[in-house]
1. Does Tyr67 qualify as being over 17 Å from Val157 (Cβ atoms), at pLDDT 95 or above and among the aromatic types (Phe, Trp, Tyr)?
2. Cβ-Cβ under 8 Å, sequence separation 6+ or interchain: first residue in the range 160-187 and closer than 20 Å to Lys37 by Cβ and without any contact (Cβ under 8 Å) to a residue 60 or more places away in the chain, partner open to solvent by less than 10 Å² (accessible area, probe 1.4 Å) and part of a helix (DSSP H, G or I). Which pairs?
3. Any idea which of Lys4, Lys55 is under 29 Å from the mean Cα position of the chain (by Cα) and modelled with pLDDT of 95 or more?
4. Does Val253 satisfy being in contact with a Leu (Cβ under 6 Å, 6 or more places away or on another chain) and open to solvent by 10 Å² or more (accessible area, probe 1.4 Å)?
5. Of everything in the range 19-61 that's assigned to a loop (DSSP other than H, G, I, E, B) and in contact (Cβ under 8 Å) with a residue 60 or more places away in the chain, which residue is surrounded by the fewest Cβ atoms within 10 Å (Cβ to Cβ)?
6. Condition first: buried (at least 20 other Cβ atoms within 10 Å of the Cβ) and out of contact with any Asp or Glu (no Cβ under 7 Å at 6 or more places or on another chain). Can you find one or more residues in the range 304-313 that meet it?
7. Residues in the range 215-222: is at least one surrounded by 14 or more Cβ atoms within 10 Å (Cβ to Cβ), assigned to a strand (DSSP E or B) and within 18 Å of the chain's Cα centre (by Cα)?
8. Going by the conditions given, is Gln244 under 21 Å from the mean Cα position of the chain (by Cα), part of a helix (DSSP H, G or I) and either surrounded by fewer than 20 Cβ atoms within 10 Å (Cβ to Cβ) or not aliphatic (A, V, I, L, M) (or both)?
Amino acid sequence: MKKKLLGKNPLELKQIALECGLPSYAGGQIAQWLYKKKVRTVDEMTNLSKAGRAKLSENYETGAVAYTDCRVSSDGTRKYLFPVTCALSSGLWAAESEEQCRMETSCVESVMIPELDRKTLCVSSQAGCKMGCRFCMTGRQGFHGNLSPADILAQFVSVDETDSLTGTVFMGMGEPLDNYENVLKAIEVLTADWGFGWSPKRITLSSIGVLPSLRRFLDETRCHLAISMHNPFPDERADIMPVQKAYDIRDVVSLIKKYDFTGQRRVSFEYTMFSGYNDDKRHADAIIRLLSGLECRVNLIRFHRIPDFPYETSPDGIMEIFRDRLSRAGITATIRASRGEDIFAACGMLAGKHS
């Protein structure tokens, strides 16, 4: 299996160039082709010598895998299907250890959401998910492996909107903080001057709150954060989100309160609303107490029905009352518009397969 160039930094690419008999400065040229020009093949790197390209192609490919399917919603949302080769391991996907990893072929989905002059890519970081949230289709299918930095970045360079994307959310399939090293490498490429050159403010990472990696993310990046709360009461949250037993939402919020979100960096809390389960005054008041003193936003999300889950989404009127109660307490709250539900691209509906 050929190794992938996407996700490599200039120092790593310099070493690869030297191994292929190319001058050291060719590492910078390769980075330009990968991240500025977003080429799909080594042959397109035309300022490398023909012999150098041939040598490079013997062991490496760009990693810019083409999508195999695209579905377009009536609202303009586009859902892409990508083939991936995953590492069934909880650790870093490192080039020197790929041979020791058990590999599995799978598929992941990415969602491009257009809104006015913005185009946001909802990107996947794992095939499947270990977290087992009962209301999420991705969690229902189990865990199939961590995506490499190349497979994460392929979603950016291979969608039709690659040159017009304005931002991204790590909110697709998988728990980004359960694959943190590879997600961090992808973020490095997205934000580095030698990479995509994006501001960290164009990136949001969504997590259920994996505390060890969350602390690192808050220390090591300046990207925005979104935390999946869905219920402020620990026992009720544990009923639909098993992760609560390992990482209490109260501890997650306590950690977040140690960081400064009064400037440009933002933190939000995702709250899917289930009729008669988590949408009453008691829950709203518990959220107010939990988030007291924290500059944040609460995004209220309509539940998109999936098989074998007993709850329905809260009625619009109930969601509006809930939102207004939070707002009166000084918490910015919004009801998020559903996008792409007709192509199963909305929150919680990604399953990594098109039929």
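The values are calculated or read from the model by the stated rules, or taken from the named source; none is laboratory data. Computed from a predicted structure; not experimentally measured. Reconstructed Cβ throughout: ideal geometry from the backbone, glycine too, with neighbour counts over all protein chains shown. What goes into the accessible areas is simple: the full protein's heavy atoms, side chains included, and nothing from ligands, DNA or RNA. Shrake-Rupley method; radii C 1.70, N 1.55, O 1.52, S 1.80 Å.
1. For Tyr67, the condition - over 17 Å from Val157 (Cβ atoms), at pLDDT 95 or above and among the aromatic types (Phe, Trp, Tyr) - is not met.
2. Leu165/Phe156; Thr168/Phe156; Thr168/Leu190
3. Unique residue meeting the criteria: Lys4.
4. no
5. Among those residues, the one meeting the criterion is Arg40.
6. no
7. no
8. The answer is yes for Gln244.
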